[in-house]
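Taken together, the values in this text are just the output of simple stated rules run on the coordinates, not laboratory data. Keep in mind that what you see is a predicted model, and the values were worked out from it rather than measured. Neighbour counts are summed over all protein chains in view; Cβ atoms, including those assigned to glycine, are modelled from backbone coordinates with ideal geometry.
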Amino acid sequence: MLALLLGLHAVLALAAPALGRRLGPRVFLVCALAPGATAAWAATQAAGVLDGSATTQVISWVPGLGLDLALRLDGFALLMVALVSGIGAVIFAYSRWYFSPRPGLGRFAGVLTAFAGSMLGVVLADNLLLIYVFWELTSITSYLLIGFEDEKGSARAAALQAILVTGAGGLAMLAGFVLVGQAAGTYSLSGILADPPGGGVVGAGLVLVLLGACTKSAQVPFHFWLPAAMAAPTPVSAYLHSATMVKAGVYLIARLAPAFAAGHAFWRPLVMGLGVATMLVGGWRALRQHDLKLLLAYGTVSQLGFMVVLVGAGIPELTFAGAALIVAHGLFKAALFMVVGIVDHQAHTRDLRVLSGLGRRMPGVAAVAAVAAASMAGVPLLLGFLSKEAAYEALLHAHLGVGGALALAGVVAGSVLTFAYGARFVLGGFGAGSGQGAGGHDPVGPDVPRPAPAFVVPAALLAVLTVVAGVAPAVVDPLVGGGAGALDPAAGKAHLALWHGFTLTLGLSVLTLAAGALLVVGAGAVERFQGRLAGAPSAVGVYSSALAGLSRLADRVTAVLQNGSLPVYLGVILLTVLALPGLTLLTRTRLPGGIVVGESPLQVVVAGVVLVAAVGAAFAHRRFAAVLFLGGVGYGVAVLFVIQGAPDLALTQLLVETLAVVIFVLVLRHLPERFEPSVWRLGQATRVAVAGGVGVFVAAFSLVAAGARTAEPVSGAYLEQAVPEAGGHNVVNVILVDFRAFDTLGEITVLTVAALGIVSLVQAGRRPQDRA
Amino acid sequence: MRVTGRSTRPPQSLILDTCLGAVFHTVLVFSLFLLFAGHNAPGGGFIGGLVAGAAFVLHYVAGGTGQVTRIAPVAPFVLMGSGLTLAVLVGMGALLAGGQLLESGVLSLDVPVLGTVKTTSALPFDVGVYLIVVGLVLAVLGSLGGEADRPADEPEGTGEARAR
Amino acid sequence: MILVLAVLVGVLYAVGTYLLLQRTLTRVVIGLAIMGHGANLLLLLAGGRAGRAPIVDGPGGGAFADPLPQALALTAIVITFGITAFLLALAYRSWLLRSDDEVEDDVEDRRIARLARRHDEARRHDEDDS
């Protein structure tokens, strides 16, 4: 069933381009079938899976590589499926209203469906290599989605940036997977987590895997691709930021942390440090954005940092809080992006300096925005508050020493920033005060058209869920508990609670809200302060200069390695032959015994003739002379064949040589009589030296090879079987047409191809009227 | 192959033509002998094919591509194609007969006049090789040889090439 | 293990290599053919000493020469013939198009090299300016 659902995504993705031409934007409703069916099926499995019994399906794919289509739906996978497919279905419904009919929409819907399927694959896969395959599929499909408006240079650049950053991380992750998988002796994720391998190699592998996860989840210093990726159409952003793509890294860290965090000293400082830094950087940057969507994008960066801190610690209570945050974030962030999409769609701007009074014009949308933003900010009675409470509570009791205290301080500071930019979003987008023609624009707001109700319903649905879950935690508690329990059995025992009593945790929450409110009041001062800091080095700058440097390096390396001169290429290859096998021959082998000068005086004489003819061919100045020398070599070799006891060879050689000389003459008729001297890159001395070296090497090799035989020649059997089995006395011929006839079949095919090549090369040179 | 139609060669002598006719057929028959004897004595498809090719070269030397084209029974690629098909069919035949690909068996036939003729299924394979080698030689003579028939001082296409 | 043949194989390879490193396509083809002769002899040499032609119940006495290298070499001779003819057709085509048979440097590759040089120079200029 799991594979079938993935297949459904693939089928709809392939069918969507054709459907899109007929249905227009309604194609999204058809494509919603895939995530919808997945979510519905997952709901039927929920009861059993959340109790701890996983549904698995294994289809053998490349057993030799340890690569199986192993799919596994456990509690945490179910939680992720609920997000990926549940929110996915909502976003497909939203897309139907967001897009007006335009060409390429069907293709877009197809890619979006493929993207949903890939992400589903990431969370369901139970094989490291399979995870990698789906992981890269999300990178590729997100590249296509971000660059959908391909007429815009900024969209193309953003798409390229996203795929370069996440693709590079993905490659590092693959290397890490191989290291971990080889150390564990299996590539099965559940197998590795059940019996985690240890040691330095595994540590190195984990760092590489974390690198991949951090690029995907936009952790500092790889965070810059995510804000740029908002060049994508808003439904894509909503999906990418809330339930997919960036959650993949969080997902992977959450899977690995319980098994590996305690065993490797670097894990917690690295993961939690990065998470806190990301949370602060993202929040700080979000505070100075004027574009509502960009503000949310930096907000996502910040929230991702938060999630990584929680799920990366590998401590049961924190893991539980992290699972709660993943759900909460999925709901409110998707709703917020959809709201931005509605505003953009109706008002044609997202600049909070220009927008004014939208709240009065579309109160429903404003309410959804307020609820979602409040959930993000951690206002009580909403799901976001519950997860933040759980996080504070767990961090307070985590016993992580100074690092834990720092993490708590960082998370509180990050939450203060979150409150501030959440308020900035709502007040800026829907408030009345800020939009008084700043930046020379007329305020936009009071007269924008109202959105169609169905356009608002998807976002409203998510907002309602946020409220319901916030008021009655029991609604989501089984999902979060079951999900966390699948990661770490101890984490499954925790519960979400609305009221913990008058504890330090509550104090921290109050502190967060108060400090956040202060920051909102002093927003102007903060903005001015940030403006003064603007010159700081940015990760984008490092990225672009690294990219330019890479391109320059490639130019230079190509110029050296691929200089276009055939003799130089050949020279390098031949020198390698001399250096590697040649050196081995010189140092490791001894000449065998039983060397004779020649079989007979005649052989010595003929060999001498051939030798002279060959040297003559090398130094002849006229083309015909060179060809005649070549013919001499051939006839001489034929005589040598006779002496060696090979009449078939001798006959063939004689005939071939005759024909070859005729063909040479046919062609040389056209060419100048003498070889023209030309400018050489490789000097004469170098060529003679290389040629001499090759000659000595081959001569020595032939002596050693002839004496190195240890096994009985296979031809003994051929000699015995030729008459009884193949009915032929000429063993050479029997080998050609019977024992090794397959070789001969290949050979005559080559001859046919060569003849075709010759005829077409000559015919191509003719003028059309000559081509009879 | 193509007939060039504007040969620059002098008209041929009757004596040369007559001699050539005799020698040509002798050589062809000899090539067939080599082909059929090849299983038991020096010879075989390659050697037979090359000898037959050499017979056509004689014709080429005497009368150019035009004469070769007149003499050759079929176009070179028909020869090569049928040769390749024959070889593959022999291999498939062994497969159908329950053996391995390209495995051969011994056949004995009673032919009324000749008596008992013993042959093997490898012979058709060798015939395929023979046809391909003959086709290769004919293809080369027809293409490269055809070009060589042109007057050497008026090479084709080079006028434009030089102008460029 | 016949010394004179081993030396001859070495010389044939040396001459073949020398000609392969030239720019005139005709010489390259001749070099390839000579190297082919060397390879055929090498195959035969690897089969051991000379012997009776490998024809069962044939004339002569003594041990048979090894038939397998002979079969391989026979295949190689005919293939070399096909390749030589093909290369000659290439040389002929080169002559048709450019009225010589020189192997020039690859134009695209040279362009990449020029591009790299130009980038470097541009950068040096920038650094001088700043």
Check your understanding: To the nearest 500 deg cm²/dmol, what mean residue ellipticity at 222 nm is calculated for chain A from DSSP H runs of n ≥ 4 alone, each contributing -39,500 (n - 2.57), summed and divided by the residues?
Key -> -23500 deg cm²/dmol
Study note, to complete from the structure: Expected unfolding gain across A:Leu504-A:Val201 under the 0.36 nm per residue rule, minus the alpha-carbon gap, is 104.9 nm
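Order these peptides, C:116-122, A:739-745, A:278-284, B:124-130, by their mean beta-carbon neighbour count within 10 angstrom, highest first.
Descending mean neighbour count gives B:124-130, A:278-284, A:739-745, C:116-122.
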Exercise for review: For the range A:711-766, build the convex hull from the C-alpha positions and give me its volume per residue in Å³.
Suggested key: 91 Å³
Review point. Where Lys and Arg each count +1 and Asp and Glu each count -1, what net charge lies around A:Leu382 among other residues with Cβ under 12 Å from its Cβ?
Key: 0
Check your understanding: Looking at the P(r) of the range C:26-130, how many percent of alpha-carbon pairs lie beyond 18 Å?
Key -> 70 percent
Check your understanding: Where a Cα-Cα gap under 25 Å defines reach, which lysines qualify for A:Lys493, not counting those fewer than 8 residues away within the same chain?
Key -> A:Lys247, A:Lys388
**Study point:** Residue list for the range A:576-609, given a label point 7 angstrom along the Cα-to-Cβ vector of C:Arg49 and an amide N cut-off under 14 Å
**Key:** A:593-600
**Study point:** Whole-Å semi-axes of the range A:558-693's equivalent ellipsoid (Cα gyration tensor)
**Key:** 30, 27, 13
Review point. Fewest first, what order do C:Ser99, A:Ser375, A:Ser600 take by the number of other Cβ atoms within 10 Å?
Key: A:Ser600, C:Ser99, A:Ser375
Practice item. Can you pull the one-decimal nm distance between simple spin-label points at A:Ala18 and A:Ala472, each 7 Å off the Cα toward Cβ? Key: 4.6 nm
Review point. On average, how many beta carbons from a partner chain sit within 10 Å of the beta carbon of a residue in A:253-260?
Key: 0
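Can you tell me what percent of all Cα-Cα pairs in the range A:667-734 are more than 16 Å apart?
Roughly 74 percent, rounded to a whole number.
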Review point. Quick one: what do you get for the range A:490-585 if you divide its Cα Rg by 2.2 N^0.38 Å?
Key: 2.55
Revision key, fill the gap. Highest mean packing first, using Cβ neighbours within 10 angstrom, the peptides A:392-398, A:415-421, A:72-78 sort as A:415-421, A:72-78, A:392-398
Check your understanding: Could you work out Rg/(2.2 N^0.38 Å) for chain A, with Rg from alpha carbons only?
Key -> 1.32
Review point. What is the extension gain from A:Lys152 to A:Arg590, computed as 0.36 nm multiplied by their sequence separation minus the C-alpha to C-alpha distance, in nm to one decimal?
Key: 150.8 nm
Review point. Around A:Leu719, what is the net charge, scoring Lys/Arg as +1 and Asp/Glu as -1 over all other residues with Cβ under 13 Å from its Cβ?
Key: -4
Practice item. Starting from the Cα of A:Ala194, step 7 Å along the direction of its Cβ; do the same at C:Asp106; then give the gap between the two resulting points in nm. Key: 5.2 nm
Point to revise | Sites A:Ala432 and A:His348 - FRET efficiency at Förster radius 22 Å, r taken between beta-carbons, to 0.05 | key: 0.65
Point to revise | Peptide A:620-627 - average C-beta neighbours from other chains (10 Å radius) | key: 2
Check your understanding: Expressed as a fraction of 2.2 N^0.38 Å, the rule-of-thumb size for a compact globular protein of N residues, what is the C-alpha radius of gyration of the range A:147-215?
Key -> 1.48
Review point. Of the residues C:Leu43, C:Leu90, C:Leu115, which exhibits the maximal mean-square fluctuation in a Gaussian network model of chain C defined by a 10 Å Cα contact cut-off?
Key: C:Leu115
**Study point:** Over chain C: helical MRE at 222 nm, DSSP H runs n ≥ 4 each giving -39500 (n - 2.57), nearest 500
**Key:** -25500 deg cm²/dmol
Practice item. Quick one: what are the phi-derived ³J(HN,Hα) couplings along the range A:360-370, Karplus 6.51/-1.76/1.60 with θ = phi - 60°, whole Hz, x for glycine and proline? Key: 6, 6, 10, x, x, 4, 4, 5, 4, 4, 5
Exercise for review: Would you mind getting me the FRET efficiency between B:Val74 and A:Glu673? Use the beta-carbon distance for r and R0 = 51 Å, nearest 0.05.
Suggested key: 0.85
Practice item. Please order A:His399, B:His25 by the number of other Cβ within 10 Å, starting at the fewest. Key: A:His399, B:His25
Study note, to complete from the structure: The Rg/Rh figure for the range A:205-245, Cα atoms and Kirkwood Rh, to two decimals is 1.05
**Study point:** Order by protection proxy (mean Cβ within 10 Å, highest first), peptides A:337-343, A:471-477
**Key:** A:337-343, A:471-477
Practice item. Could you work out how far helix A:401-430 tilts from the main Cα principal axis of chain A, as a 0 to 90 degree angle to the nearest 10? Key: 70 degrees
Practice item. Would you order A:Thr215, A:Thr141 from fewest to most other beta-carbon atoms within 10 Å of each residue's own beta-carbon? Key: A:Thr141, A:Thr215
Point to revise | Per-residue ³J(HN,Hα) for the range A:661-675, Karplus 6.51 cos²θ - 1.76 cosθ + 1.60, θ = phi - 60°, Hz, x for Gly and Pro | key: 4, 4, 5, 4, 5, 4, 7, 5, 3, 7, 8, x, 5, 9, 6
Review point. How high is the FRET efficiency between A:Ala497 and A:Val542 when r is their beta carbon distance and R₀ equals 45 Å, given to the nearest 0.05?
Key: 0.55
Revision key, fill the gap. For peptide C:107-114, the mean count of other chain Cβ atoms within 10 Å per residue Cβ is 4
